[in-house]
Amino acid sequence: MDPAVCREHLSSLLGDEAALLGELEELLTSEARVLEASDVRALEATTRARQDRMGALARLEEQRRSLCGMHGFAADHAGLEALMGWCDPQGALIARLGECATLAVRCRDLNDRNGVLVSARLKRVQSMLGALTGRPARLDTYGPKGHCSGGTDWGRSLGAA
């Protein structure tokens with residue numbers, strides 16, 4: 001593939017990514033309002049739309065990785081930078097890549113904020129359920145390290161790898 005054709009393809013991918021990240025940012029902002037209002041139906045719709053955008057972003061990422069691989073570059077950030085150095089030596093796409101990175105960070109921050117809202121609501125509901133049932137609140141979900149955070153004694157090790 002000609003470097004100019006590659007540059008156009010990459011430019012298109014970055015433009016699509018920026019547009020999707022912009023939509024995701026709006027959805028995450030809307031999701032925060034919906035969470036604060038406890039509008040379950042709107043939350044379901046927002047969640048579906050957010051998942052659609054995330055799927056589209058994953059497909060774009062795969063296309064970008066494929067483009068890198070097609071030209072013999074690694075399918076990671078260093079490979080993308082090398083690809084851009086080859087097909088865009090003037091650096092015209094650097095600003096677009098930076099825009100995508102900035103949008104992605106804003107989306108991550110909004111998503112983290114929404115996660116805090118959800119966690120606070122969950123703790124509140126668990127506390128109210130504990131008060132109603134007379135049993136202490138317990139969260140039987142897995143944490144980031146894969147351990148059950150419920151503090152139950154029923155788990156046991158079945159072996160080690």
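Filter the stretch 17-52 down to the residues that are under 23 Å from Leu67 (Cβ atoms), charged (D, E, K, R) and touching a Leu at 6+ places or on another chain (Cβ under 6 Å) and list them by number. Of everything in the stretch 17-52, just one residue is under 23 Å from Leu67 (Cβ atoms), charged (D, E, K, R) and touching a Leu at 6+ places or on another chain (Cβ under 6 Å), namely Glu17.
Could you check, for the stretch 24-31, whether at least one of its residues is within 30 Å of Gly91 (Cα to Cα), open to solvent by 30 Å² or more (accessible area, probe 1.4 Å) and in a helix (DSSP H, G or I)? Checked the stretch 24-31: at least one residue is within 30 Å of Gly91 (Cα to Cα), open to solvent by 30 Å² or more (accessible area, probe 1.4 Å) and in a helix (DSSP H, G or I). Consider the stretch 43-55 and keep the residues that are open to solvent by less than 30 Å² (accessible area, probe 1.4 Å) and small (Gly, Ala, Ser). The one that is farthest from the chain's Cα centre (by Cα) is Ala49.
Ala74 meets the conditions (1) under 26 Å from Gly15 (Cα atoms); (2) part of a loop (DSSP other than H, G, I, E, B); (3) at pLDDT below 95 in every case but one. The failed one is (3).
In this structure, Ala58 does not qualify as open to solvent by 50 Å² or more (accessible area, probe 1.4 Å) and at pLDDT below 95.
A quick yes/no check of all residues on (1) within 28 Å of Leu27 (Cβ to Cβ); (2) part of a helix (DSSP H, G or I); (3) of a type in the set (Gly, Ala, Ser):
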residue	(1), (2), (3)
Ala58	yes, yes, yes
Gln63	yes, yes, no
Ala82	no, yes, yes
Ala101	yes, yes, yes
Arg106	yes, yes, no
Val116	yes, yes, no
Arg121	yes, yes, no
Val125	yes, yes, no
Gly130	no, yes, yes
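Looking at Leu139, Leu110, Leu122, Leu129, just one residue is closer than 23 Å to Glu36 by Cβ, modelled with pLDDT of 80 or more, open to solvent by less than 70 Å² (accessible area, probe 1.4 Å) and among the hydrophobic types (A, V, I, L, M, F, W, C), and that residue is Leu110. Kindly indicate whether Glu81 is touching a residue at least 60 places away in the same chain (Cβ under 8 Å) and either touching a helix residue (DSSP H, G or I) at 6+ places or on another chain (Cβ under 9 Å) or not polar (S, T, N, Q) (or both). No.
The values are calculated or read from the model by the stated rules, or taken from the named source; none is laboratory data. Quantities reported herein were computed from a predicted structural model and do not represent experimental measurements. Note: ideal-geometry Cβ built from the backbone for every residue, glycine included; neighbour counts use all protein chains shown. All accessible areas refer to the heavy atoms of the entire protein, side chains included, with ligands and DNA or RNA removed. Shrake-Rupley method; radii C 1.70, N 1.55, O 1.52, S 1.80 Å.
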